Ligand SMILES: NC(=O)c1ccc[n+]([C@@H]2O[C@H](COP(=O)([O-])OP(=O)(O)OC[C@H]3O[C@@H](n4cnc5c(N)ncnc54)[C@H](O)[C@@H]3O)[C@@H](O)[C@H]2O)c1
């Protein structure tokens, strides 16, 4: 059963998972012609009630009720990574499109299950991150496509922090399988690189762990200690199908850095891009032989624009086309990240990426 949206009608959204990031989404989803958030639910009902009150969402309901509500076209899945596949599969079984936070699922096998279930029912899957849709990385992708740095040769992407306990009041899940810096920060780095350089062909990785326990640093539970169950510093090499080679480092073990966040170097120039988790600029271009960098003009995208991918998916559903921050891209990103982990666990060596992915261009055709 496919669920089509009549032209001009907003997509009716049910939010599942009313935690830390949900407020950032709800602040940004202010496009009544495209999306209408009609209900919210959480495994902890008090969170759904508080979110409905704070953001004027008409109904706070149980998850089962939300899924059974025939009025809802799309489930926005903002649960923790361990719940992504389960909630997405339940939403698809209930005949709803899904937009999920990253990673698409806890494993590639689960991701395939989600995508196959959606395809069988004629439903669409969207997946964060959506920063590559922001004006900053989009402008960089255009410059590369237009030959501004010649043929891309190499890239560096760094997602390095001292850890999410600096801002998250319940950071434990980010140190459990399904998260860690590789699965939490990695999706930003890999989707930005894929947007700039095309599909990844093979990967290798190595990791370490700075500490075996950490402490909650903010909120009511500050001071409470918890175990670290994943590597917290992961270095990776990515070989792209079109020939470029990239270094990707994701870390929760870096207290400060002056490393640029994302750079692409080509045969005739270098492009310093916005960070992989930024929607706006700045960006800088230096052509071979030039004295220094010129700033690239980028309009807009400042601040936290999370939800841009869902808004784009809303328009895509209205137009009957695939979303750009798609489940297929989320699957390619997950295969890359799992490949890095597999290479690390084997003690090194390249892992081939079996399924490539070409980005959907603005308006729905393949880039
Ligand atoms: N916090 C951020 O700044 C941030 C930024 C970008 C992406 N994300 C991603 O967003 C997702 C959510 O992160 P968060 O920080 O909001 O986490 P959180 O722990 O603060 O909130 C998750 C919420 O989901 C609920 N939940 C979990 N499993 C559920 C289920 N099966 N059914 C119903 N409710 C369920 C929890 O009760 C909780 O309220 C994660 O995938 C994370 O990687 C978070």
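The values are calculated or read from the model by the stated rules, or taken from the named source; none is laboratory data. Since the structure is predicted, the reported quantities are computational estimates derived from the model, not experimental observations. All Cβ positions, glycine included, derive from the backbone under ideal geometry; neighbour counts span all protein chains shown.
Applying the set (1) surrounded by fewer than 22 Cβ atoms within 10 Å (Cβ to Cβ); (2) touching a helix residue (DSSP H, G or I) at 6+ places or on another chain (Cβ under 8 Å); (3) modelled with pLDDT of 95 or more to residue 159 leaves exactly one unmet item: (1).
A quick yes/no check of all residues on (1) more than 20 Å from residue 153 (Cα to Cα); (2) under 20 Å from the mean Cα position of the chain (by Cα):
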site	(1), (2)
235	no, yes
261	no, yes
272	no, no
279	yes, yes
307	yes, yes
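Would you confirm whether or not region 18-30 contains a residue that is touching a strand residue (DSSP E or B) at 6+ places or on another chain (Cβ under 8 Å) and either within 21 Å of residue 319 (Cβ to Cβ) or without any contact (Cβ under 8 Å) to a residue 12 or more places away in the chain (or both)? Yes: one or more hits.
The number of residues in region 169-194 that are within 30 Å of residue 265 (Cβ to Cβ) and more than 10 Å from the ligand (Cβ to nearest atom) comes to 10. One residue alone among 170, 206 is surrounded by fewer than 21 Cβ atoms within 10 Å (Cβ to Cβ), touching a helix residue (DSSP H, G or I) at 6+ places or on another chain (Cβ under 6 Å) and either in contact (Cβ under 8 Å) with a residue 24 or more places away in the chain or not assigned by TED's automatic domain parsing to the domain that holds residue 242 (or both), and that residue is 206. For residue 74, the conditions (1) more than 20 Å from residue 321 (Cα to Cα); (2) touching a strand residue (DSSP E or B) at 6+ places or on another chain (Cβ under 7 Å); (3) in contact (Cβ under 8 Å) with a residue 60 or more places away in the chain are fulfilled apart from (1). Do the conditions hold for residue 19, that is, is it assigned by TED's automatic domain parsing to the domain that holds residue 88 and outside any loop (DSSP other than H, G, I, E, B)? Spelling it out, it is not the case that residue 19 is assigned by TED's automatic domain parsing to the domain that holds residue 88 and outside any loop (DSSP other than H, G, I, E, B).
Do any helices (runs of 4 or more DSSP H) lying entirely in region 80-168 carry at least 1 residues that are away from the ligand (no atom under 15 Å from the Cβ), and which ones are they?
108-121, 135-145
Checked against (1) over 21 Å from residue 84 (Cβ atoms); (2) touching a helix residue (DSSP H, G or I) at 6+ places or on another chain (Cβ under 7 Å); (3) not assigned by TED's automatic domain parsing to the domain that holds residue 183, residue 315 meets all criteria but (2). Those residues that are under 19 Å from residue 126 (Cα atoms) and within 12 Å of the ligand (Cβ to nearest atom), I need them from region 1-22; list them, please. Listed by number, the residues that qualify are 14, 15, 16, 17, 18, 21, 22. Taking the criterion of being surrounded by 16 or more Cβ atoms within 10 Å (Cβ to Cβ) and more than 14 Å from the ligand (Cβ to nearest atom), the residues of region 31-54 that qualify are 34, 35, 36, 37, 38.
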